[in-house]
Structures are given as C-alpha cells and as structure tokens.
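Below is one structure, written out as structure tokens, with a few remarks after it.
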Ligand code: ADP
C-alpha cells in the first residue's frame, strides 16, 4: 500500500498526490441531509412496511446517498478478466484523484482480496460499522473474503442469504463519502447483480466486460438484456484480452479474435469503452497482488484502462451531497 503511494508520485496530479499523502482519518458516515433533493425516496414509509424495515431502508439510502456513482462491473462468462478490470478501474480512478470504494460481491469466488494484495487482511467492526480495508487515502475495499477464516473456505448460500449480505456490505460498511463505488459482481445475471441493482439506488450504471470471441459476446448480450430489465443503465462495454502484441516481432496476434465487443456495442446501441490487449504482466501483477495499472503504468493495456477511466469520469458525473471532485 505504501508502494502505491510512492509509485503514484510523478504519475498523478498534485491534487491526487495530496489525497494519497493525507493522514488516514476515515470519514465517518453521517445522516444525509440531501435525501429529499437527490435520488432517495427513503422519507416515505412504504405500504405494509414495519418500523424496523423502514429504518433499515433509510439507513441504506443514507449510505448510498453519500456515494457519487455506483459502477457495477459485470460479465456474461467467468475468466474474461472482469475482476481484473474492476480492480484496475478502481485503482485508476483513485490514482486520478477520486475517492473510491471497491466492493466484491462475488460471494462464491471472491478475487479482489488476492488481486489487491489483501488476501491476508481481515476486517473489524467499529461503532456498529464494518471498517473496510484502506489502500492509501483514496481506496477502500470490502469483500466476503475478509470475513472468511481462510482462503480455502467455501460459502454455500442461497439467494436470500446473498441478498442479505450484499445489503449489509452496502449499508453497514463505513464507506463514508465516495466519488465512486466499483462493484465486482460474479459472472452472469444471477442473485448478486440483481441484488446490487435493486439496492444501490441512483445514480448507478453497469460496465460490461467481454473477450472478443462469439462465445463470450453472446453471454454479454444477455447482460445487456438483464440491465434493461432491471433498469440499470449500461455505461458501456469493454473488450478485454483483445489482441496480443508479439514480444519478438511486435505484430498483433488476435488470439481470441478481435472486434466482438465493439460489434455488440454497436448492435445494442451502448457505448464501446475500448479494447484492453493481452499482457502477460497482467497475470503477473494479479498473482502478486499489485494493481497492474499502477505497476505497469506505461504499458498499452494500462493506457487503455486509463482512457476508459477518463471516459467514465466524463460521462458519470458523480452526484455527491458534498459536491463532486473534479
Ligand atoms: P473473471 O473475473 O472474469 O473471472 P479474472 O479477472 O479473474 O476473470 O481474470 C482471469 C485471468 O485472466 C487472470 O489470471 C487474469 O490475470 C487474466 N487476465 C485478465 N485480463 C487479462 C489481459 N488483458 N491480459 C492477460 N491476462 C489477463
């Protein structure tokens, strides 16, 4: 984590560096005075709602109102690099000066602790809130992995339990005010992305990750349809593992074809966010627990991720009670 701060020097704006250098204080969440003026309908009691349910819903809304934009990272298939993309988008957002939360809702296969080098960390509860793991001053991370006795432990839960824990991760974690909450969902259109879509409120959107070949693209088409059904805006599609530059002849080899993600974006009328090429260093960094976009900042793939982040910042316009950070 110290490494993140040091290597960030010279690559980020003075404003971003100042945010990394600031002492760790961890803003405590407060009652949101802006619920009525933003996207929150928590003031009204719903029909048949008990006191407890009403207060729970208000507590969740208060927490979500402190987050400028919730970004759900989804894929149709496993293994397309969704968690890698989520971890690197969150890191790149933090390095560009945003305050960011990274929430892993892949209950059965949490990858974020390993990818961020936090697999030995465990969270504590303080003042009735779960304290997320902090990386520098700008990045807070939460995963079911931080609650398990060991990496080898399996979680065997059905839908309602998963909904309950995701709700807790949103409501009971001390996120504090954030510009972005990046949420890494498991592949597919099951309980986890559905729970997130139902709970996070607005403003929120989905980033869909695919590899270029038809098999993966077909599944992401289903993710687009899922987002339409649950009324979650699709911010755009990322084509990951898009071409490999041969280290010997420098020619690009389209290992998994190329252009499938872009073609799907055109077909479904959503934005194409860009292509991230294959880079063996991404695997090295993932296994070493160091965000690639940070360690290999000069690489073409890191450049592609940074351009995607610039686009995301320009289109999402975080809406925070205390004002967005530009
Ligand atoms: P998912 O979350 O979709 O299951 P992961 O993020 O776990 O996928 O990535 C699967 C594997 O692919 C990991 O070993 C990761 O390092 C690797 N990977 C992801 N993106 C790339 C890329 N652009 N180039 C090379 N390897 C990649």
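What follows is calculated from the coordinates using simple rules that are stated; it is not laboratory data. Predicted model, so just to flag it, every value in this text is computed and none were measured. Positions of Cβ are backbone-derived with ideal geometry, glycine not excepted, and every protein chain shown enters the neighbour counts.
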- request: Treating the Cα atoms of region 117-169 as identical point scatterers in vacuum, please give the log10 of the normalised Debye intensity I(q)/I(0) at q = 0.15 Å⁻¹, two decimals.
  value: -0.49
message: Would region 54-193 count as rounded, prolate or oblate if I go by the C-alpha gyration tensor, calling it rounded below 1.5 in a/c and otherwise prolate when a/b exceeds b/c, oblate otherwise?
response: rounded
task: Please say if region 157-221 is rounded, prolate or oblate, where rounded means a/c under 1.5 for a ≥ b ≥ c the square roots of the C-alpha gyration tensor eigenvalues, and otherwise the choice is prolate for a/b larger than b/c and oblate otherwise?
output: oblate
- prompt: What ranking do 159-166, 184-191, 202-209 get when scored by the average of other Cβ atoms within 10 Å per residue, highest first?
  reply: 202-209, 184-191, 159-166
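Taking 8 Å as the Cα distance limit and 6 or more residues as the minimum spacing, I'd like the relative contact order of region 174-274 as a percentage.
26 percent
Over region 166-277, what is the percentage of antiparallel beta bridges among all DSSP beta bridges, to the nearest 5? Present the calculation step by step, with values, prior to reporting the outcome.
Values: 2 of 12 bridges.
Approximately 15 percent, going by the DSSP bridge assignments.
At 10 °C and 1.306 mPa s, what whole-number value in µm²/s does Stokes-Einstein give for the translational diffusion of region 115-238, with Rh from the Kirkwood sum over Cα pairs?
Values: Rh = 16.2 Å.
Roughly 98 µm²/s, to the nearest whole number.
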task: Multiply the residue gap between residue 214 and residue 147 by 0.36 nm, knock off their C-alpha separation, and tell me the result in nm, one decimal place.
output: 20.4 nm
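If we sort 146-157, 124-135, 75-86, 267-278 on the protection proxy, mean other Cβ atoms within 10 Å, highest first, what's the order?
75-86, 267-278, 124-135, 146-157
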query: With the Cα gyration tensor of region 194-326 giving a ≥ b ≥ c as the square roots of its eigenvalues, does the rule (a/c under 1.5 for rounded; else a/b larger than b/c for prolate; else oblate) give rounded, prolate or oblate?
result: oblate
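How would 55, 248, 294 line up from fewest to most surrounding beta-carbon atoms within 10 angstrom? Kindly include the intermediate steps, with their values, before the conclusion.
Values: 55 12, 248 5, 294 19.
Ordered from fewest to most neighbouring Cβ atoms within 10 Å, 55, 248, 294 come out as 248, 55, 294.
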